[in-house]
Every structure is written in structure tokens, then in C-alpha cells.
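The values are calculated or read from the model by the stated rules, or taken from the named source; none is laboratory data. All of these numbers come straight from a predicted model, not from anything done at the bench. Note that we place each Cβ from the backbone using ideal geometry, even for glycine, and neighbour counts take in every protein chain shown.
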Amino acid sequence: MKIGLGLYREQLTPDNFQFAQQAGATHVVAHLTNYFAGKDPKIDSGDQGGWGDCSGDRLWTYEELSALVKDVRAGGLEIAAIENFSPRFWFDVLLDGPERAQQIEGLKQLIRDAGRAGIPCIGYNFSLAGVYGWTRGPYARGGAESVGFGVENSIAPSPDAPIPDGMVWNMRYRRGVAGAASVSVSSAELWDRLAHFLKEVVPVAEEAGVVLGAHPDDPPAEELRGTARLVNRPEKYDRLMAIVDSPSNGLELCLGSLQEMPGGDIYEHVRRFARSGRIGYIHFRNVRGKMPRYVETFVDEGDIDMAEIIRILRDENYQGVMIPDHTPAMTCGASWHAGKAFALGYMKALVQNAEALGPSQSIPTRVAAE
């Protein structure tokens with residue numbers, strides 16, 4: 001098991017590469033979509049204005065991707081993945097619009113270029129509403145600031161607020177047209193769009209040596225902003241993987257999102273997915289509660305027994321990368337860095353002591369291969 005750190009576009013700097021090394025990471029997951037700028041990044045809940053404007057984005061080139069890999073390696077780290085396509089690259093893939101075929105060809109070239117540059121995985125989230133509807137507050141230990149969904153007495157955007165024209169995945173890809181209908185999609189339509197996307201791009205990913213890792217829905221609602229959700233139950237990952245049975249059709253396995261989902265045994269599902277060999281990388285974060293009400297916590301204080309997750313990954317010989325994903329912001333002058341350093345140190349200690357953690361405490365899933 002390897003420890004990594006996710007860095008947003010503005011954070012891909014030598015100083016942060018050095019910080020990652022100092023905190024025990026060996027790998028980087030890079031976000032190239034510019035959600036925001038600043039040294040202490042906080043994505044807000046979006047509201048009607050969205051996170052930002054991506055209308056000027058253009059496809060990342062081989063030269064840019066190769067330079068990223070070179071910079072990360074110069075910082076003493078390895079690149080594990082890039083996470084999320086800019087909505088500008090594939091809005092009509094999500095919306096089934098007139099530019100879908102052209103945008104899919106662009107994504108195919110991006111995948112080829114990523115493989116050629118030495119980037120082994122691309123994480124993505126096939127969603128129209130994206131991450132939306134949560135609020136920020138002192139929900140973690142000691143009043144550390146984290147995010148929650150459905151928290152009582154909190155002020156959050158309405159999960160029923162329609163997606164305005166010109167927006168998808170919480171970002172504006174063009175100026176909206178006044179009076180245009182809001183975005184909507186049924187579950188059947190969204191699964192059809194995903195199937196078309198995967199059947200087009202997974203063979204290219206195979207040739208390029210790239211894994212496409214699908215992130216589950218967060219929040220894992222049945223519907224958000226008038227649009228259906230895809231992977232809002234663990235078993236829906238199985239449906240996604242069955243669309244194209246390929247090692248390149250993989251998972252960006254977010255433990256927090258899985259735990260937020262109603263029902264199911266997270267340990268059983270993690271064991272099953274690890275055994276499948278289809279995990280691209282893991283978001284190693286913890287939460288307390290389930291839909292329709294939950295909050296994010298420090299990695300050691302939520303409902304998930306993270307030591308048991310490590311036991312399971314150890315037993316299934318998982319050799320991939322884990323990143324903290326987002327963490328509570330600690331009360332100090334470098335709140336983002338402090339939160340990440342705590343999570344990385346905790347993860348490092350678990351991994352270093354994986355054998356000493358003893359036998360798994362959960363009952364292994366019986367599969368046909370056994």
C-alpha cells in the first residue's frame with residue numbers, strides 16, 4: 001500500500017511536493033481543473049453560482065501532462081493519477097448534447113496522452129449535479145471545520161434547486177441562456193450515457209495503459225437538483241464495471257462516500273472490490289452518519305474502523321495508492337496543511353503496522369473464486 005496526497009491545481013508547487021514528502025507521502029493525485037485559486041483551498045457548496053467558470057478551459061496536452069509528471073518527480077514523488085475532467089471537456093457527454101462525439105474524441109486523445117506521459121490513472125465523476133448541497137461547520141473533533149449534509153440548523157443550498165442552463169458538475173462551461181429550461185435527466189438516461197462513454201473510451205484506455213476510476217456519488221442521494229445519481233449504492237459499482245469488463249474500467253474508491261450510503265457493510269464491499277483488482281486508487285476518509293444526514297470527521301473518529309480497512313487491503317494484497325481526500329481544517333495558520341498532515345501520519349502508521357494489526361475483524365465475503 002502506498003500513501004499519496006491530492007493537490008489542487010494551484011497547489012502543484014515545489015513547496016507542496018516537499019510538504020507531501022515530509023508528511024510521508026510518496027505519490028500525488030493531481031487536480032488540473034481550476035476550481036479555485038489560493039493557498040488555503042476550500043470548495044464552497046456551490047449554490048446557484050457554482051464553484052467557478054471553466055468556459056475558457058482547453059484540453060490538457062501531452063506536453064502539459066508530461067511537464068506535470070516531470071515536476072512531480074523532481075519533487076521526489078510519483079504521479080498516481082489526475083482527478084476529474086474539466087466540465088468544459090465533456091459537458092455534452094454528460095448532457096447528451098450535439099458535441100458529444102467530438103468531445104469523446106478529445107477525451108480519447110487526453111487518455112492516450114496521459115498514458116504516454118506516464119500517468120497510470122484518471123479519476124472521474126459521471127454526474128450532472130456533482131458534489132452539491134452540503135454545508136461547512138465545526139463538525140469534527142474540537143470544533144475543527146468540516147462539511148456535512150442535512151445537518152440540523154445549518155444553512156445549505158437546497159438539494160432541489162435546479163441546475164441552470166450553461167452549468168454542469170457545479171461549474172459554468174458557458175454563459176447561460178435566459179429562459180432556457182433547467183437541466184434534468186432520468187436514471188435510465190444517465191446510465192445509457194455512461195454506457196456509451198465507457199464503451200467508447202475504455203478500449204482506448206486499455207491500449208494506453210490507463211485505468212479510468214469512477215468516483216461514487218457524494219452525496220449518495222437518489223436524485224439531486226432534478227437529476228438522477230449513478231453510484232449511490234455500493235452494488236451499483238458492479239453494474240458500472242459490468243458495462244465494459246476491463247481492468248481499465250475501474251474505481252476511484254471513496255470510503256467516505258460508501259459509508260454515507262444507506263445499508264450495506266462497508267468492510268464486505270471494500271474486500272470485494274479489492275479482490276476484483278479494479279481499484280484505481282482510494283480516498284481514505286471517514287464520516288459519521290448516513291444519508292440523509294452525515295458529517296465528515298477526522299480519519300480516526302468516524303464510523304469506519306480504518307484499521308479494519310487496512311487489514312482487509314493487506315489480506316487482499318492491495319498495492320495501490322490511498323490519499324486522504326478532504327480533511328477537517330485545523331485551527332492554526334496553515335489549516336489545510338495541518339489537517340492533511342494529521343491524516344497522512346495516521347495512514348502511514350496504519351500501513352507501517354499492517355501486519356501487527358492482527359487478523360481481520362470482519363467476515364470475508366465468499367466469492368466464486370474461492
Practice prompt. Kindly list the number of the only condition in (1) farther than 30 Å from residue 202 by Cβ; (2) more than 21 Å from the chain's Cα centre (by Cα); (3) at pLDDT 95 or above that fails for residue 117.
Written response: (1)
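Here's the yes/no breakdown for (1) touching a His at 6+ places or on another chain (Cβ under 9 Å); (2) under 27 Å from residue 202 (Cβ atoms); (3) crowded, with 24+ Cβ neighbours inside 10 Å; (4) among the β-branched types (Val, Ile, Thr):
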| residue | (1), (2), (3), (4) |
| --- | --- |
| 253 | yes, yes, yes, no |
| 259 | no, no, no, no |
| 262 | no, no, no, no |
| 265 | no, no, no, no |
| 270 | no, yes, yes, yes |
| 278 | no, yes, no, no |
| 284 | no, yes, yes, no |
| 293 | no, no, no, no |
Worksheet, complete the sentence: Scanning the range 319-352 for residues that are closer than 22 Å to residue 277 by Cα and of a type in the set (D, E, K, R) gives 325
Item to complete: Scan the range 254-278 residue by residue and report those that are farther than 22 Å from residue 122 by Cα, in a loop (DSSP other than H, G, I, E, B) and out of contact with any strand residue (DSSP E or B) (no Cβ under 8 Å at 6 or more places or on another chain).
Response: 263, 264, 265
Fill in: So residue 81, is it modelled with pLDDT of 95 or more, buried (at least 20 other Cβ atoms within 10 Å of the Cβ) and outside any helix (DSSP H, G or I)
yes
Discussion item. I need the full set of residues from the range 94-135 which are buried (at least 19 other Cβ atoms within 10 Å of the Cβ) and within 15 Å of residue 219 (Cβ to Cβ), in order please.
Written reply: 125, 127, 128, 129, 130, 131, 132, 133, 134
Discussion item. When you scan the range 177-194, do you find a residue that is over 20 Å from the mean Cα position of the chain (by Cα), in contact (Cβ under 8 Å) with a residue 24 or more places away in the chain and within 21 Å of residue 275 (Cα to Cα), even just one?
Written reply: no
Practice prompt. Inspect all residues belonging to the range 156-169 and state whether any of them is at positive phi, in contact with a Ser or Thr (Cβ under 9 Å, 6 or more places away or on another chain) and either modelled with pLDDT of 95 or more or not small (Gly, Ala, Ser) (or both).
Written response: yes
Worksheet item: Within the group 104, 119, which residue is under 29 Å from residue 188 (Cα atoms) and among the β-branched types (Val, Ile, Thr)?
Response: 104
Practice prompt. Could you please find all residues in the range 328-345 being without any contact (Cβ under 8 Å) to a residue 60 or more places away in the chain and buried (at least 19 other Cβ atoms within 10 Å of the Cβ)?
Written response: 342, 343
Discussion item. Go through (1) out of contact with any Leu (no Cβ under 7 Å at 6 or more places or on another chain); (2) modelled with pLDDT of 95 or more; (3) crowded, with 16+ Cβ neighbours inside 10 Å for residue 41 and report which single condition fails.
Written reply: (2)
Discussion item. Any residue in the range 99-120 that is free of Cβ contacts under 8 Å to residues at least 40 places away in the same chain sitting within a Cβ distance under 9 Å of a residue that is not in a helix (DSSP H, G or I)? List the pairs, counting only those 6 or more apart or interchain.
Written reply: 103/97
Fill in: Within the range 155-190, tally of residues that are among the hydrophobic types (A, V, I, L, M, F, W, C), surrounded by fewer than 18 Cβ atoms within 10 Å (Cβ to Cβ) and out of contact with any Gly (no Cβ under 9 Å at 6 or more places or on another chain)
4
Worksheet item: Given the conditions (1) of a type outside the set (A, V, I, L, M); (2) in contact (Cβ under 8 Å) with a residue 24 or more places away in the chain; (3) outside any loop (DSSP other than H, G, I, E, B), which single one is not true for residue 246?
Response: (3)
Worksheet, complete the sentence: By residue number, the members of the range 224-233 that are over 13 Å from residue 126 (Cβ atoms) and either buried (at least 22 other Cβ atoms within 10 Å of the Cβ) or in contact (Cβ under 8 Å) with a residue 60 or more places away in the chain (or both) are 224, 225, 226
Item to complete: Sort out which residues of the range 237-265 are more than 16 Å from the chain's Cα centre (by Cα) and not aliphatic (A, V, I, L, M), and write them in order of number.
Response: 238, 239, 245, 246, 247, 248, 262, 263, 264, 265
